[in-house]
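Written out below as structure tokens is the structure these notes cover.
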Amino acid sequence: MQIFNTYTEPLEHIEQKGHTPQLLGYAPDGAPLVSVKSGGEKEPAIFISAGSHSTEQAGVTAAVELIDQLHTEHQVYVIPTRDAMGMNGFAYVLSLSLGEEPNLGSIEDVQAVLREHGEVLYEADETLLVIIGEYGYSTRGLYGRFRKEESFLEPLKGRRIFFPSRAEGVEGTAPCQRAYTLIVSPEGEALHINRFHDTPWAPVEVRCTRRLMAEIQPGLTLDLHEYGGNAFWLSARHQQCDDGQMWEGRIAHEMIQAVAQSGTELAPADYLPGAFFTKGERGVFWLHAQKRGEGLNLADFAASKYGLSFTIETGMQRGFEQRVRAAMLAAQTAVTVFEQRYA
Ligand SMILES: [Zn+2]
């Protein structure tokens, strides 16, 4: 259960295992964006992705492990991480504008570097937002904090904002170990890589994902995430047809049962991840993208166009290996039930 430190590590790992990744495109820093095909030849295909939020590394390791360990006759396509740049950390993304990686021992160091090299766009409390070169950099997370029309986001329209991971004690995501990527739309809305799936304008990572999906027409999509808590939950998506809806419900039920039986704690009965979810059985939430706004994320998009889809959320407060195993177990369970639909 390897924690990957940089984006090249999972790629090397995958190649060492004998796979030849398919090139989908390049991130703005030139990093190859890839998918890996495994499994059998049966259709419809299964699509697994992770790492759209670079701070959620158990999903990335699980996705890489699943390339070899998922048992299925169906075709499997894996995008092991959707934010190649952010995975390399905050010093790395700063180097794209500074020419070299600064030494960052603490958030105070981040603040000092941003102040020294950046043009300050916004400053309040402990948040400092600057632009350096082609990118915005912030000391703190800005997602959901601003309205669309904020004038200080004007210079960042169509650009990215990075901020450092800050969680102490989370394995795989130490302070500054990852850079969380925000994407500022041409309209000035600051979202992230797991948005823009249904918009003509979208960052390159999303366009690559979208093109792969159009090619493989996945009958099951699993997007591996993590959240800040210590339990496990998943989100399901309403399907276009009754048969699909029945299978979506069945897979959600089997996944959550399997994870609970393995001894992993499920999100408490009174937990609700957001106002745009409705509760199913314990640990299962149905996401309503229209209620959330912000357009479609990967799983929403998959449900609207291709079929069954889920977001799997492991709790970052747990040990890394336990998180990876929970994600893998959920994925394998989903795939086993999915196979019954096409038996
Ligand atoms: Zn996430």
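Here are a few things to note about the model shown:
- Helices (runs of 4 or more DSSP H) lying entirely in region 267-343 (those with 1 or more residues that are more than 15 Å from the ligand (Cβ to nearest atom), crowded, with 23+ Cβ neighbours inside 10 Å and not acidic (Asp, Glu)): 298-305, 320-341
- When residues in region 197-244 are screened for being away from the ligand (no atom under 16 Å from the Cβ) and either β-branched (Val, Ile, Thr) or in contact with a His (Cβ under 6 Å, 6 or more places away or on another chain) (or both), 3 of them pass.
- For the condition crowded, with 22+ Cβ neighbours inside 10 Å, in a helix (DSSP H, G or I), of a type in the set (A, V, I, L, M, F, W, C) and touching a strand residue (DSSP E or B) at 6+ places or on another chain (Cβ under 8 Å), LEU94 qualifies.
Matching residues to (1) free of Cβ contacts under 8 Å to residues at least 60 places away in the same chain; (2) under 30 Å from MET213 (Cβ atoms):
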{"position": "ALA63", "(1), (2)": "no, yes"}
{"position": "HIS74", "(1), (2)": "no, yes"}
{"position": "GLU116", "(1), (2)": "yes, no"}
{"position": "GLY144", "(1), (2)": "yes, yes"}
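- Filter result for the condition that a residue is closer than 26 Å to GLY295 by Cα and surrounded by fewer than 21 Cβ atoms within 10 Å (Cβ to Cβ), over GLU116, GLU134: GLU134
- Residue list for region 213-248, filter: within 25 Å of VAL36 (Cα to Cα) and of a type in the set (Ser, Thr, Tyr): THR221, SER235
- Taken over region 22-58, the criterion of being out of contact with any Pro (no Cβ under 9 Å at 6 or more places or on another chain), among the small types (Gly, Ala, Ser) and within 16 Å of the ligand (Cβ to nearest atom) is satisfied by SER52, SER54, ALA58.
Yes or no, residue by residue, for (1) β-branched (Val, Ile, Thr); (2) surrounded by 18 or more Cβ atoms within 10 Å (Cβ to Cβ):
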| site | (1), (2) |
| --- | --- |
| GLY219 | no, yes |
| HIS225 | no, yes |
| GLY229 | no, yes |
| GLN240 | no, no |
| ILE251 | yes, yes |
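- Looking only at region 59-83, and only at residues there that are within 16 Å of the ligand (Cβ to nearest atom) and part of a helix (DSSP H, G or I), the one that is farthest from GLU168 (Cα to Cα): ALA63
- For region 6-21, residues that are part of a loop (DSSP other than H, G, I, E, B) and within 15 Å of ALA63 (Cα to Cα) total 4.
- So ARG145, is it closer than 19 Å to VAL60 by Cβ, outside the structural domain of GLY229 (by TED's automatic domain parsing) and charged (D, E, K, R): no
- Criterion (over 24 Å from TYR306 (Cβ atoms), among the charged types (D, E, K, R) and without any contact (Cβ under 8 Å) to a residue 60 or more places away in the chain) met by exactly one of ASP242, ASP270: ASP270
- Cβ separations smaller than 6 Å between residues 6+ apart or across chains give the following pairs from region 35-56 residues that are more than 16 Å from MET328 (Cβ to Cβ) to residues that are near the ligand (Cβ under 9 Å from one of its atoms): SER52/ASN194.
The values are calculated or read from the model by the stated rules, or taken from the named source; none is laboratory data. The structure displayed is predicted, hence computed values, not measured ones. Virtual Cβ from ideal backbone geometry, glycine too; neighbours counted across all protein chains shown.
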